[in-house]
1. State all residues of segment C:279-310 that are away from chain B (no Cβ under 13 Å) and of a type in the set (S, T, N, Q); if no residue qualifies, say none.
2. Considering only segment C:481-489, I want to know if a residue exists there that is open to solvent by less than 10 Å² (accessible area, probe 1.4 Å), not in a loop (DSSP other than H, G, I, E, B) and not hydrophobic (A, V, I, L, M, F, W, C).
3. Go through segment C:192-212 and give me each residue that's under 19 Å from residue C:468 (Cα atoms) and either at the interface with another protein chain (Cβ under 8 Å from one of its Cβ atoms) or of a type in the set (Phe, Trp, Tyr) (or both).
4. Give the residue that is nearest to the other protein chains (Cβ to nearest Cβ), with candidates limited to residues of segment C:311-362 that are closer than 21 Å to residue C:430 by Cβ and open to solvent by 20 Å² or more (accessible area, probe 1.4 Å).
5. Please count how many residues of segment C:189-234 are assigned to a loop (DSSP other than H, G, I, E, B) and either at negative phi or open to solvent by 10 Å² or more (accessible area, probe 1.4 Å) (or both).
6. Given the conditions (1) over 21 Å from residue A:491 (Cβ atoms); (2) not in a helix (DSSP H, G or I), which single one is not true for residue A:408?
7. Please work out which one of (1) more than 11 Å from chain B (Cβ to nearest Cβ); (2) under 30 Å from residue B:14 (Cα atoms); (3) open to solvent by 20 Å² or more (accessible area, probe 1.4 Å); (4) out of contact with any helix residue (DSSP H, G or I) (no Cβ under 8 Å at 6 or more places or on another chain) is the condition residue A:89 fails and give its number.
8. Which ones in segment C:245-280 are within 30 Å of residue B:66 (Cβ to Cβ) and under 20 Å from the mean Cα position of the chain (by Cα)?
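The values are calculated or read from the model by the stated rules, or taken from the named source; none is laboratory data. Nothing here was measured: the structure is a model prediction, and the numbers come from that model. Every residue, glycine among them, receives a Cβ derived from its backbone with ideal geometry; neighbour counts consider all protein chains shown. Areas reflect the complete protein model, heavy atoms only, side chains present, ligands, DNA and RNA absent. Shrake-Rupley method; radii C 1.70, N 1.55, O 1.52, S 1.80 Å.
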Amino acid sequence: MTESAVTADLEMVCQKYEPVIGLETHVELSTNSKMFCGCPAHFGGEANSHVCPVCLGLPGSLPVANRAAIEATIRIGLAMNCQIASRARFARKNYFYPDMPKDFQISQYDEPLCTGGYLDIWVGEGANRDRFRVGITRVHLEEDTGKLTHGGETGRIHGASYSLVDYNRAGVPLVEIVTDPIVGAGERAPEVARGYVAEVRELMRALDVSDVRMEEGSLRCDVNVSLAPRGSSVWGQRTETKNVNSLRSVARAVRAEMTRQAAVLDSGGVIVQETRHFHEDTGETTGGRIKEEAEDYRYFPEPDLAVVAPDPAWVNELKANLPELPSAKLERLGAEWGFEYEQMREIANAEAVELVRETIELGVAPTDSRKWWMGELARRANESETDLLALGVSAKDVATVATAINNGELSDALGRQVFEGVIAGEGSADQVIKSRGLALVSDSGALQRVVDEAIAANADVAEKVKQGKVSAVGVIVGAVMKATQGKADAAAVRKLVMNSLGVSD
Amino acid sequence: MSQVNSEQFDLAHLAKLARIDFSQEELDTLRPQLLAILEYVARIGEVATPDVEPMSHVFKLENVVRSDEVTPGLSIEDALSGAPEQRAGRFAVPRILGEEA
Amino acid sequence: MSNQQLLTASAAEIADLVTTGKVTAEEVVTAHLAHIDQVDGAVRAFLDVDAEGALRAARIVDSKRESGEKLGSLAGVPVALKDVVAQKGRPTTCGSRILENWHPPYDATVVTKLQDADAVIVGKTNMDEFAMGSSTENSAFGPTHNPWDLTRVPGGSSGGSAAAVASNEATVAIGSDTGGSVRQPAALTGIVGVKPTYGTVSRYGLVAFASSLDQIGPFARNVKDAALLHSVIAGHDPRDGTSAPDSKKDLIAAANNSDLRSVRFGVVREMRGEGFAPAVLDEFDRVQELLKSLGADVQDISLPHASYGTPAYYLIAPSEASSNLARFDAMRYGLRVSPNPDATVEEVMSATREAGFGSEVKRRIVIGTFALSTGYYDAFYAQAQKVRTLIARDYHDAFSAVDVIISPTSPTTAFKLGERVNDPLAMYAADLATLPVSLAGLPAMSLPIGLSQEDGLPIGMQLVAPAFKDELLYSAAAPVEAALEKQWGGPLITKRPPILSGSR
């Protein structure tokens, strides 16, 4: 489906319906140990090598809460403008599944750590840029489950004849963030959803509480969508969509559900309350097994864990020591550097804010910094499928090149060659310039001689140019560039050639 | 209301929630026993409790936490020692009906 | 010392003999293992006897002593452990088929404490399945028989541990008490059993039945031994999030008390009416006179909500149990039953739990599932927790007037095997004196006070102290025990008839 067809679709959908969306994100905390025991919380290691009686749920084991996880949750809540509970409780959520060591999950129910906050995000570009406030219903703390792999041909659960469980992940602390129903986004609902998740990701990074890599599962997102007929005061039946594994998928999943539900409603059908599965390859959602009855989790307060009563003085201290929030930071830097918020957002998405800042601090103009990092270097990173930080190019390297260009020692083309060398591991920018002998030919006398030789060697082309076929000058320019091994500034060469031929543009 | 309506008492549903595959015989014996027990325990509804807090912890315990340190756990062998079935260092479990269609 | 003397010696005596080298731990343990061999075929207190491990441990104690190392306070003392406590590498079945072959890969904190005190664990004892029951008839492996009369129950759920001590198979034993499961079997077998204040003994390694009620407790043939064992197992454990701070109380010193003057006893008005056998009440009344004669003050007190203790308990405990027992799902340990080769995980879970759990456990899981379910939670579980608060308040109020609260431990003496098995509610009635105490988390002891005039079987009196004042149990019980033993000419247990004809 083409982009414009999709947009048209959404326009039509929103003419008839008001979408209401909700997002549930799970953030895996990067604590040293698990939520209720001292096993390592990080990835890696052989299957079932990071387990103990507690996270394996062995009979007789007991949980003891990780202080750092509680602290991280409170900081997340504070950063999202939440109320922090004076008394919070853990609760058991009871259900059976092979990845659940106790067949109940220790989570929070009616007394979570944080409630009633908001997160501001920006949608749209330029003049159409709007601030959108997403309400946060709650932020609570719970434990993660083990990991299932499925035996069978496809490795998918469907058709597998057995499954295998690794409990290394069981018990890792998870923070669940639930938004209020998001109303009024209209056609922008997919963008709002994506923007929200992106902002949550930035926030977690700023707080340094999680790696938040969607592809690794340390940031997970479930998307809720419903459509209400325009003008109705009654909300539609919502569906929940899982398996949304990237920011892009968040937007696509919202879009897919909006169009699907609209089609169902248009044809007089009814939306079934269900959990749907998002498919990366098709961009569509499919329905799950229809369960005969909704699961009854039989929540009750966890008797093995004490009430959590955060000391108000401690909470105030945590609040006072919160880092600058990501969007505020981008606004501030944008103003300093003279960039639009959208441009800052782009830089942030490429994880280049610090690199750009370092480069600017070394004396490079913001526009040049941005040009190199978001242009040539971003392109190279994309090509080799890495990110900017892994390229091996430093802010100093960029500063060296930018300065040299400003001084007329290098051209842009030569600058790109420098970076090629740095990335190939030949050394720093300075070293590459020296070892490859990269320098603009600045001796105008020498250059004139080469130009004269090239004109002489291409006399017929020179004649054509004199007679008005200006575009043919490129051949002579090319010859000069070849003769100088690219170490001349192409624009300057062209000027020289034109002058020598006595032709003007 | 603490009284349990015999008609509304859905034993099959409870058995499913509890993952116990009762035989029909067992269900027939169990049902009257459970209703009798529930009728008996329902008398707690007689007690007026307008301003009483439910007691989920016997004594006031708050903020019992541990520091975020890694401590030794079980060896893989010990972890798997009770497993009814294992494969390649993982617990092998029977086929799970998929969530997605 | 003859074997007979070793079998009837107290824990304090044995520890002293072993520490001073008058007897070796190996001799002590050997004598007890031989006695177990002789009588346990009839008593069936044990599910597993670890003769090899016990002798090994005994020899280590002996070599420690020989090399001049300081020995623990239970040096060489044979201890029986209720099979609900995890002991690394040893069978831990909880009296259930679903854990029939489970060998935990870790030790409960209480096991470590016992080993650190140089006690010798001789084996794991029988119990009602997952601690649910009052007779040990709910064990998947057959019932235990009361050493006083083999046709009768020893009480439950810690019937095996009580019987092991009452039959001299072990000097002391460890049980667990959720609603009376240490106190009631102690009463029915004529020994001392204690439920410590909730939180004062670590639950790490105790397979959970009802998390907010479970406590590990000691069995012994006299008050001082109970104090000794209680001191060893109590203490703060960072692995248990409900563990109370360390207590500085000296229980052993309390157990040496001889003075009851001006101690105020409160007799629970509500625990002497309907359901209490006249012969039980007779002995209880007799003791009250004894207390007065010893200079104590005895008055009536009321626990207005006590009668709601039973229904509240039979909502709260099954609710927590339904959640605690969910983990037995055939995935990681324990029994796995596959109804057919192509079975789904749901089918395997359901078939396993059907086959692996006994009927009382299944009953309680269903009750608990119901009480927590949507639409019923407020009226049942939440309401029961509110009633619990009221019961705790009743005790609190009563303790403003008295120091120790007393009642018969059990409404009757030991009933016959098979008598109540088909009537769950009749079985639940056995706990009416012990349940409210558990709901309030208070410390309580059952002290043997005499034999029934009617059937000659043991009767116990329950003493209850305020929270964290466990020492009051010992300081109140010790003088009573001393006075009674004077009347009897020795401990009550010596009146037990021989277990097998021709033996003792």
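1. C:288, C:293, C:299, C:302
2. no
3. Of everything in segment C:192-212, those that are under 19 Å from residue C:468 (Cα atoms) and either at the interface with another protein chain (Cβ under 8 Å from one of its Cβ atoms) or of a type in the set (Phe, Trp, Tyr) (or both) turn out to be C:198, C:199, C:203, C:211, C:212.
4. If we take residues in segment C:311-362 being closer than 21 Å to residue C:430 by Cβ and open to solvent by 20 Å² or more (accessible area, probe 1.4 Å), then C:359 is nearest to the other protein chains (Cβ to nearest Cβ).
5. Within segment C:189-234, residues that are assigned to a loop (DSSP other than H, G, I, E, B) and either at negative phi or open to solvent by 10 Å² or more (accessible area, probe 1.4 Å) (or both) number 19.
6. (1)
7. If we test residue A:89 against (1) more than 11 Å from chain B (Cβ to nearest Cβ); (2) under 30 Å from residue B:14 (Cα atoms); (3) open to solvent by 20 Å² or more (accessible area, probe 1.4 Å); (4) out of contact with any helix residue (DSSP H, G or I) (no Cβ under 8 Å at 6 or more places or on another chain), just (1) comes out false.
8. Within segment C:245-280, C:251 is the sole residue that qualifies.
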